[in-house]
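Just below is one structure, and these are the notes that go with it.
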Amino acid sequence: MRFLTTLLFLLSFSSVASANCAGPNVYPTLPESERQALEAKAAAVPFSEGLLWRAEKDGVVSHLIGTFHVHLPEHATMVARLEELTPQPEKVFLELTDEDQLGFQRHLTQNPDSYLIQSGPSLIDRLGPDLWGRVAVQLQERGMPPFLAARYQPWFLGMTLMLPPCAFDVVKSGKKGLDQQIAAMAQTKNLPAASLDSIDGLLAMLASDPIEEQMEDLRWSLSLNTDLAAPDLIGSVISMYLDETIQLIWEFNTAETYKNAGEDEDKARLATLLKQAEDDLIIARNTAWAEVLTKELARTPSLVAVGAMHLPGDQGVLNLLQNAGFTLTRLPLEAPRNN
């Protein structure tokens, strides 16, 4: 579904794939009253805006930056800004280091039962010609032969479809998202890097539901056909990210998704699934990360780079750190000029 495609993947999930993705910003075309309502809702959330933050406790200063996992030209300026921070970090925290991302891929390769349907009907038979046809179209848009995905478990198919088609077009270009650029910077500076996520934790979160439950959710989401009805929101997401209006991304994407959900029953189910996604993919991870970061940042100047959607909110990383006694200060993405 487009909500998960443009939001939870790009702003919450790391990926080894990256690309230049662009599109029109449709947000300004909304009625003014609708925009005002969304902006007021976003403003009520703690730390609703801002990408770069200074966190200090007991004289130890660290920094946090909200990342976008797909390559943007503006990332070069952001990395240059990070290289000028004072004090410079002695350690870097990422959602997954490059080494652990490769480890995750190796684990899947060595344990095919964790992501493939090893026995019984394939997705082609389980979904039927109409719903599989919709999947096939989305796979073809990404340059992937549909038969290759016929044995994917629904969670893994979802991960595949979350990656925008534009990323598949240039996946071999070598361009990196902000996380990977920060990882490369850490390597150049010989800084130790640590993962906030774990392979076991990610698999438990992504692949723990029984196949039939996954299939039921997949059939329902495909039956909504929201991807065909909804406008392409990636340009809006990018514009809001660069404007640092992070919580507005959530509010806008949620509102647009509901517009295309159809019947009240579908909207109620959508609300349940979105809340589950928020709880599992964002809040639960924030809580686990904060347990690590509150200890580490109190003793070691560090740089924390996580998907931007993890920053705002009552259960966002920034608010959790503030509740743990850290002083949070928003910093400009451009370094102040000396007069």
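Laboratory data are not the source of any read-out in this text; all were calculated from the coordinates shown. Predicted, not measured: the structure shown is a model, and the values here were computed from it. Cβ sites come from the backbone with ideal geometry, for glycine too, and all protein chains shown count toward neighbours.
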Inset, instruction - Pop out the ³J(HN,Hα) list for the range 52-66 in order, Karplus 6.51 cos²θ - 1.76 cosθ + 1.60 with θ = phi - 60°, rounded to Hz; leave Gly and Pro as x. - result: 10, 9, 9, 10, 10, 8, 6, x, 9, 10, 10, 9, 10, 9, x
Legend entry - 5 angstrom amide H check on Leu116, placed H, neighbours 5+ away: Gln153
Inset, instruction - Give me the number: length gained by fully extending Thr109 to Lys57, i.e. 0.36 nm times residue separation minus the C-alpha to C-alpha distance, one decimal in nm. - result: 14.5 nm
Inset, instruction - First select every other residue whose beta carbon is under 14 angstrom from the beta carbon of Ile124; then total the charges, Lys and Arg +1, Asp and Glu -1. - result: +2
Legend entry - Percent of Cα-Cα distances greater than 19 Å, calculated over the range 80-208: 61 percent
Inset, instruction - Would you please give the residues with an amide H less than 5 Å from that of Val304, counting only those at least 5 places away or on a separate chain, with H modeled from the backbone geometry? - result: His63, Leu64, Ile65, Phe93
Inset, instruction - Return the whole-Å distance between the Cα centroid of the range 264-309 and the Cα centroid of the range 42-85. - result: 16 Å
Inset, instruction - Mind listing the long-range amide H neighbours of Leu331? Cut-off is under 5 Å, sequence gap 5 or more, other chains count too, H placed in the peptide plane at 1.01 Å from N. - result: Leu52, Trp53, Arg54
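Where does the range 187-327 land on Rg/Rh, using Cα atoms and the Kirkwood Rh? Walk me through the intermediate numbers first.
Values: Rg = 18.0 Å, Rh = 17.6 Å.
Ratio of gyration radius to Kirkwood radius for the range 187-327: 1.02.
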Inset, instruction - In nm, give the distance between the simple-model label positions of Glu216 and Glu32, each being 7 Å from the Cα along the Cα-to-Cβ direction. - result: 4.7 nm
